[in-house]
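Q: Quick one: the structure is below, and I'll ask about it shortly.
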Amino acid sequence: MGHTIDLGPNWIHGTVRNPILELANELKQTTLSPPEDAARSVYDELGDMVEAETAIKHSELVWGIIADAFKYSNEHHNSIPPEKSLLDFFESEVKDKGLDEASSKLVFQMAHIWGDFVGEPMEKQSLRFFWLEECIEGGKCLTSAGNSQYFPNTHVFQENLFLASTYKDVLNAIAKVALARTELHLSTKVTSITSKLEHTSERAVVVTTASDTDLVFDEVIMTAPLGWLKHNMSCFTPALPLPIIKAIENISYGRLEKVYLSFPTAFWMTQNPAETSFFTQFLSPTYTNQNPEHWSIECVSLASLPEHCAHATLLFYVNGPCAQHVTSLVKGLEPTSKEYFSHLNDFFAPYYSRLPNYDPFSSDCKPAGILGTDWQNDQFAGWGSYTTFQTSKSNEIQLDKDIEALREGCPDMGLWFAGEHTAPFVALGTVTGAYWSGEAVAERIAEAYGMGKEVKQNGIEEKEKDDMNGNVEE
Ligand SMILES: Cc1cc2nc3c(=O)[nH]c(=O)nc-3n(C[C@H](O)[C@H](O)[C@H](O)COP(=O)(O)OP(=O)(O)OC[C@H]3O[C@@H](n4cnc5c(N)ncnc54)[C@H](O)[C@@H]3O)c2cc1C
């Protein structure tokens with residue numbers, strides 16, 4: 001199709017002192033803050049468009065309850081039973097608000113959008129640790145109304161920007177130093193890590209690769225995803241300390257996938273682009289036998305991006321069991337094959353065919369190309385997407401302490417961890433968090449070598465720096 005697309009992140013979560021946004025601005029990248037008005041459309045379970053006013057009203061209700069859930073989780077997390085989910089919170093709030101049956105139903109259906117933020121359905125989202133999903137100011141939560149949400153109880157206005165020009169240049173800029181000044185072994189799979197520090201006074205951590213090559217280092221920073229660590233704890237010698245093992249076991253890893261459908265023209269754009277939706281939600285669809293569990297589906301129109309970045313593409317997000325189902329449809333198929341195309345097209349046609357101006361006889365309304373991700377079957381992605389915090393049965397599990405344990409790493413073994421799963425609480429699961437985690441661990445190693453704080457400080461707030469260093473106040 002000739003377009004560059006991001007198979008991972010599209011969004012910059014948070015606009016206040018976010019190094020990724022600063023970098024994007026420096027590089028003169030194009031971001032989109034989708035307009036609040038007319039930025040959404042919602043289709044009900046029969047495939048009919050929900051009246052705009054009703055959609056806005058219910059979207060506000062949903063995000064109001066989510067804001068209340070953050071507040072509740074922040075204030076009461078120690079007393080919230082570990083099995084309580086975000087869905088449970090919605091159930092009690094909807095009851096308290098005395099909504100009629102139709103409104104309650106719409107709120108529940110629209111609330112499922114939460115799954116596309118964390119990669120798993122809201123019924124699995126821990127209420128006790130919901131506060132860990134909160135984000136830097138201008139942070140992680142976006143609304144089906146657009147890109148930003150005012151949280152009435154916290155007085156925080158959170159904003160997310162769609163990186164319309166893609167992450168390509170930002171990634172290249174971040175990689176520049178590593179490419180210029182280090183020896184990189186690309187396409188090299190690490191199979192084990194052996195710390196010899198316990199037995200010898202010399203620092204030696206041996207990284208063994210799939211070709212049985214041993215590489216010896218003074219210190220090793222392990223940046224493989226949390227999902228990879230979950231499957232490969234036995235590759236560390238000596239065994240990882242118990243707090244690290246527990247952390248890797250306790251913290252969850254989500255399944256968010258994306259599917260891009262490109263069309264010859266953006267047929268869904270109305271004459272007035274300002275009236276065309278950026279987000280579209282398809283609630284609990286009952287009008288297709290392709291979606292056996294009536295999972296809600298969401299898509300974003302890339303035709304609404306600023307002109308030089310716009311293309312006639314719909315980006316669908318799917319999560320959890322729905323994502324598992326979608327990836328299973330094309331398991332083992334070449335993305336260039338007819339079957340790959342037709343299986344994904346069959347799944348998504350019931351949704352794009354609801355959009356304005358759709359004509360089943362027009363070739364403009366048939367996708368010209370389809371490409372989906374399959375992170376959950378990719379060992380290097382850790383069989384999933386990113387960290388999330390799910391309900392559990394144990395009162396003993398303290399996921400915040402688990403994150404801190406990972407951040408602490410095993411300095412005595414010369415083994416450190418970095419990546420989104422070790423980020424400051426406000427940036428877990430994001431590119432910004434992954435970036436900050438790398439800076440923080442580099443700083444700590446430099447300090448360990450008496451080099452002081454030579455690593456550039458980022459704009460992270462004092463509290464968050466404390467969080468990152470494990471100095472969290474209860
Ligand atoms: C579909 C999707 C959408 C997302 N959307 C957003 C978004 O809009 N905004 C946002 O901020 N974040 C988003 N994220 C999250 C963001 O992409 C991650 O938080 C971030 O990329 C994590 O960076 P990382 O360095 O921790 O891990 P990764 O980027 O996963 O890097 C880990 C590296 O380890 C390598 N590796 C794994 N195993 C081995 C091994 N055995 N040997 C050698 N190398 C190995 C992998 O190949 C990979 O290069 C999204 C993620 C997904 C999956």
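The values are calculated or read from the model by the stated rules, or taken from the named source; none is laboratory data. Computed from a predicted structure; not experimentally measured. For neighbour counting, all protein chains shown are included, and Cβ atoms are generated from backbone atoms with ideal geometry for every residue, glycine included. All accessible areas refer to the heavy atoms of the entire protein, side chains included, with ligands and DNA or RNA removed. Shrake-Rupley method; radii C 1.70, N 1.55, O 1.52, S 1.80 Å.
Q: How many residues, within the stretch 422-451, are of a type in the set (Gly, Ala, Ser), touching a strand residue (DSSP E or B) at 6+ places or on another chain (Cβ under 9 Å) and within 12 Å of the ligand (Cβ to nearest atom)?
A: 6
Q: Something else about it: Among the residues of the stretch 160-172, write down those that are open to solvent by 30 Å² or more (accessible area, probe 1.4 Å), assigned to a helix (DSSP H, G or I) and touching a residue at least 24 places away in the same chain (Cβ under 8 Å).
A: Once the filter is applied, which keeps residues that are open to solvent by 30 Å² or more (accessible area, probe 1.4 Å), assigned to a helix (DSSP H, G or I) and touching a residue at least 24 places away in the same chain (Cβ under 8 Å), the stretch 160-172 yields LYS168, ASP169.
Q: Out of the strands (runs of 3 or more DSSP E) lying entirely within the stretch 281-383, which hold 1 or more residues that are among the polar types (S, T, N, Q) and under 26 Å from TRP11 (Cα atoms)?
A: The qualifying strands (runs of 3 or more DSSP E) are 297-301, 313-319.
Q: With within 16 Å of the ligand (Cβ to nearest atom), under 25 Å from GLY2 (Cα atoms) and open to solvent by less than 30 Å² (accessible area, probe 1.4 Å) as the only criterion, which of LEU355, LEU305, LEU371 stands out?
A: LEU305
Q: Mind counting the residues in the stretch 379-407 that are within 16 Å of the ligand (Cβ to nearest atom) and open to solvent by 50 Å² or more (accessible area, probe 1.4 Å)?
A: 3
One line per residue, one yes/no per condition, for (1) loosely packed, with under 15 Cβ neighbours inside 10 Å; (2) under 25 Å from ASP214 (Cβ atoms); (3) of a type outside the set (Val, Ile, Thr):
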position: LEU226; (1), (2), (3): no, no, yes
position: LEU240; (1), (2), (3): no, yes, yes
position: ALA247; (1), (2), (3): no, no, yes
position: THR270; (1), (2), (3): yes, no, no
position: PHE278; (1), (2), (3): no, no, yes
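Q: Continuing with the same structure: Among the residues of the stretch 68-105, count how many are under 20 Å from SER284 (Cα atoms), of a type in the set (A, V, I, L, M, F, W, C) and over 23 Å from the mean Cα position of the chain (by Cα).
A: The number of residues fulfilling the criteria is 3.
Q: Given the criteria open to solvent by 50 Å² or more (accessible area, probe 1.4 Å), free of Cβ contacts under 8 Å to residues at least 40 places away in the same chain and basic (Lys, Arg), does LYS338 qualify?
A: yes
Q: Note down all Cβ pairs under 9 Å where the first residue falls in the stretch 182-193 and is open to solvent by 90 Å² or more (accessible area, probe 1.4 Å), the second is more than 9 Å from the ligand (Cβ to nearest atom) and at pLDDT 95 or above, and they're at least six residues apart or on different chains.
A: Sorted first by the residue in the stretch 182-193, then by its partner, the pairs are HIS185/THR213; HIS185/LEU215.
Quick grid of which residues meet (1) among the aromatic types (Phe, Trp, Tyr); (2) without any contact (Cβ under 8 Å) to a residue 40 or more places away in the chain; (3) farther than 30 Å from CYS309 by Cβ:
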| site | (1), (2), (3) |
| --- | --- |
| GLY2 | no, yes, no |
| PRO19 | no, no, no |
| VAL62 | no, no, no |
| ASP68 | no, no, yes |
| HIS76 | no, yes, yes |
| LYS95 | no, yes, yes |
| SER104 | no, yes, yes |
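Q: Can you tell me which of (1) under 29 Å from PHE162 (Cβ atoms); (2) open to solvent by less than 10 Å² (accessible area, probe 1.4 Å) is the one VAL431 doesn't meet?
A: So the condition that VAL431 fails would be (2).
One line per residue, one yes/no per condition, for (1) farther than 30 Å from SER394 by Cα; (2) touching a residue at least 12 places away in the same chain (Cβ under 8 Å):
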residue: LEU226; (1), (2): no, yes
residue: LEU242; (1), (2): no, no
residue: LYS258; (1), (2): yes, yes
residue: HIS311; (1), (2): yes, yes
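Q: Among VAL220, VAL207, VAL216, which is the only one that is over 28 Å from the mean Cα position of the chain (by Cα) and buried (at least 17 other Cβ atoms within 10 Å of the Cβ)?
A: Going through VAL220, VAL207, VAL216 in turn, just one is over 28 Å from the mean Cα position of the chain (by Cα) and buried (at least 17 other Cβ atoms within 10 Å of the Cβ): VAL207.
Q: Of all residues being within 12 Å of the ligand (Cβ to nearest atom) and open to solvent by 20 Å² or more (accessible area, probe 1.4 Å) in the stretch 7-20, which is modelled with the lowest pLDDT? Just the residue, please.
A: The residue in question is HIS13.
Q: I'm told TYR253 meets every condition in (1) more than 16 Å from the ligand (Cβ to nearest atom); (2) buried (at least 22 other Cβ atoms within 10 Å of the Cβ) except one. Can you identify the failing condition by its number?
A: Going through (1) more than 16 Å from the ligand (Cβ to nearest atom); (2) buried (at least 22 other Cβ atoms within 10 Å of the Cβ) one by one, TYR253 breaks only (1).
Q: Right, something else. Restricting to the stretch 408-421, what's the tally of residues that are part of a helix (DSSP H, G or I) and within 12 Å of the ligand (Cβ to nearest atom)?
A: Count: 2.
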